[in-house]
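Below you'll find the structure, written out as structure tokens, and then a few comments.
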Amino acid sequence: MKPKYKTIAAVLALVSVMAAGSAQANPTASYYSYMNNTGGYIDATAFTGLQCSGTCQNYSVGVEATITEDGWAVWSGNTSTDTDSFVEVGTTNAIPVQENKFYYLTAWHDAHADWYNFREMTSAVLDTRP
């Protein structure tokens with residue numbers, strides 16, 4: 001009789017694992033960045049979000065952004081959280097736009113949940129050169 005109970009226990013364990021696997025949240029990330037000349041100042045934003053079709057476990061989202069002017073860093077910002085489903089960094093009216101310059105925004109977006117690991121880079125350009 002002992003083999004019969006071992007078989008039943010093994011089948012129940014397998015069903016439990018399969019049920020846990022089918023209840024995964026199927027996370028997906030969303031992200032964007034942009035940069036504009038608004039009233040003579042740079043308006044820039046970088047966003048990272050995480051959506052789950054169920055409940056995500058052990059998740060975090062983050063974003064790190066840098067703006068360069070002709071190759072020199074003029075602004076950077078970063079943030080991350082494991083208590084919210086999105087983060088955003090940006091600047092408004094902090095960097096005056098100068099003529100004959102090349103501005104480049106680079107943003108790294110991170111999202112992690114359960115088995116899901118996402119990392120992507122976006123960029124935006126503001127060119128005031130003739």
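The values are calculated or read from the model by the stated rules, or taken from the named source; none is laboratory data. It should be emphasised that the depicted structure is a prediction, and the values quoted were computed from it without experimental measurement. Every residue, glycine as well, gets a Cβ built from its backbone with ideal geometry; the counts of neighbours run over all protein chains shown. Remember, those area values only see protein heavy atoms, side chains included, never the ligands or the DNA or RNA. Shrake-Rupley method; radii C 1.70, N 1.55, O 1.52, S 1.80 Å.
Using alpha-carbon pairs under 8 Å, 6+ residues apart, how would you state the relative contact order of region 83-130 in percent?
Answer for region 83-130 is 38 percent.
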- [ ] Please work out the average accessible area per residue across region 32-91, using the 1.4 Å probe convention, and give it in Å².
- [x] 53
Open item on the list: Under a crude label model (7 Å from the Cα following the beta-carbon direction), how far is Asp82 from Tyr41 in nanometres?
Closed with: 3.5
- [ ] Tell me the GluC sites (Glu not before Pro) within region 33-109 that lie in a loop according to DSSP and have at most 14 other beta-carbon atoms within 10 Å.
- [x] Glu99
Task: Pair-distance profile P(r), taking every C-alpha pair of region 30-69, with 5 angstrom steps and integer % - done: 6, 16, 23, 17, 13, 10, 7, 6, 2
Open item on the list: Give the residue list of chymotrypsin sites (Phe, Trp or Tyr not before Pro) in region 43-130 that are DSSP loop and have at most 11 other beta-carbon atoms within 10 angstrom.
Closed with: Trp115
